[in-house]
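For reference, the structure is listed below as structure tokens.
The values are calculated or read from the model by the stated rules, or taken from the named source; none is laboratory data. All values derive from a computational prediction rather than experimental measurement. Don't worry about glycine lacking a Cβ; one is built from the backbone with ideal geometry, like all the others, and counts go over all protein chains shown.
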Amino acid sequence: MQYKVDIENIDNIIKDVKGKYEVDLKEKIFQFAVTCMQFLMSLPYKREIDLIRHQLSRSATSIGANFEEAQSMTYREFIQKIVLL
């Protein structure tokens, strides 16, 4: 299956999509991190749970950092990263 991408208009398309969803996605990412942290605080303090608590807290909060990094990426950089995977 091949996809056709209009390279000439891609910057305008990306700006339209970013404008529609960026604020909503930022809020959802933030709420997800807060909800995860609240859940982790409700868990009992046991040695077995501490490793899971630590890893989940890092994973839940790193989503926001990844989102912010992706916002500064151009379409060409994005395609290059995807192709190199």
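Say whether the condition of being out of contact with any His (no Cβ under 8 Å at 6 or more places or on another chain), touching a residue at least 12 places away in the same chain (Cβ under 8 Å) and either part of a loop (DSSP other than H, G, I, E, B) or surrounded by 10 or more Cβ atoms within 10 Å (Cβ to Cβ) (or both) is met by at least one residue in segment 43-53. Yes, the conditions are met somewhere in segment 43-53. Listed by first and then second residue, the pairs with beta-carbon distance under 6 Å, at least 6 apart or on different chains, first residue in segment 60-85 and farther than 21 Å from F32 by Cβ, second hydrophobic (A, V, I, L, M, F, W, C) and at pLDDT below 85, are Y75/I10; Y75/I14.
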